[in-house]
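So the structure is just underneath, and the comments pick up after that.
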Amino acid sequence: MAKKHSLIFQTILTVLLCSMVTPSQAEDTRKAIWLSAVEREVLLIEMRNFLRGSQEVLENSVKEDMALVNRTAKPLGTKMLKNLPKEMTDKMPPGFYAMLKTLHYGFAEIADISKSPKAESKVVLQKLANMQKLCVGCHATYQLKVK
Ligand code: HEC
C-alpha cells in the first residue's frame, strides 16, 4: 500500500515538474493580433469588465440574488459588442471575433434568464462555467501587440 502511494506521489510530482516553465523557456507563441495602442487599451478595459462581471455574476448567483445578476450581466451583453469600432473589429481574426461575440451573447443570455425572479441560480452558474471556457481558450490562443 505504501509503495502504491509513493508511486502516485511520484507521478504527481513528475506531472507538476513537467508543467513548470522556467523564465528562460518562457516564449509567447500565441497568435498575435496587431492593434493601435488605443485599441489595445479599449480591449483590455473590456477584459477587466469581463473579469469583474463574471466575479459578480458568480457571487450574486451563489447568493441567489437574481436582480443583481441581471444588473451585472446586462451591460456586458451585445450592446457593448456593437460599440466596438468596425476599424478595430476588422483587425480581429474571425476565430477571435467569434469567441468574443459568443461571450457577449452569453452575458446577454444570463441577463435574460435572470430577469425572472424564479430563475434558477444553478442554470446561470452552469452558463457562466461554459462561458469561462471561452476566456481560457482565447487566452491560450491569442496575444495583443501594438503597431
Ligand atoms: C476573444 C478572445 C478573448 C476572450 C473570449 C476573453 N479574453 Fe481576456 N484577453 C484576451 C487577450 C488577447 C488579452 C491580452 C493578452 C495578452 O496580450 O497577453 C486578454 C487580457 C485579459 C485580461 C488582462 C487585462 C489587463 O488589464 O491587462 C483580463 C483580466 C482578461 N483578459 C479577462 C478575461 C475574462 C474574465 C474573460 C472571460 C469572461 C476573457 N478575458 C475572455 C482575449 C480574450
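Before moving on, here are some points about what is shown:
- Relative exposure of T72, T141, T29, judged by other C-beta atoms within 10 Å (fewest first): T29, T141, T72
- Straight-distance crosslink candidates among lysines, where the alpha carbon sits under 24 Å from K122 and sequence neighbours closer than 8 are dropped: K63, K74, K101, K133
- Whether segment 46-147 is rounded, prolate or oblate, judged on the alpha carbon gyration tensor where a/c under 1.5 counts as rounded: prolate
- Helical segments meeting 18 Å axial Cα length and Kyte-Doolittle -0.5 threshold in the chain (DSSP H): 2-18, 37-62, 94-113, 121-141
- Sites A37 and Y97, calculated FRET efficiency, Cβ-Cβ separation with R0 22 Å, nearest 0.05: 0.60
- The chain, relative contact order [Cα under 8 Å, separation at least 6], %: 37 percent
- Helix content alone sets the calculated 222 nm mean residue ellipticity of the chain: runs of n ≥ 4 DSSP H residues at -39500 (n - 2.57) each, divided across all residues, give -22500 deg cm²/dmol.
Any read-out appearing in this document is the output of simple, stated calculations on the displayed coordinates, not a laboratory observation. It should be emphasised that the depicted structure is a prediction, and the values quoted were computed from it without experimental measurement. A quick note on method: Cβ atoms are made from the backbone with ideal geometry, for glycine too, and the neighbour counts reach across all protein chains shown.
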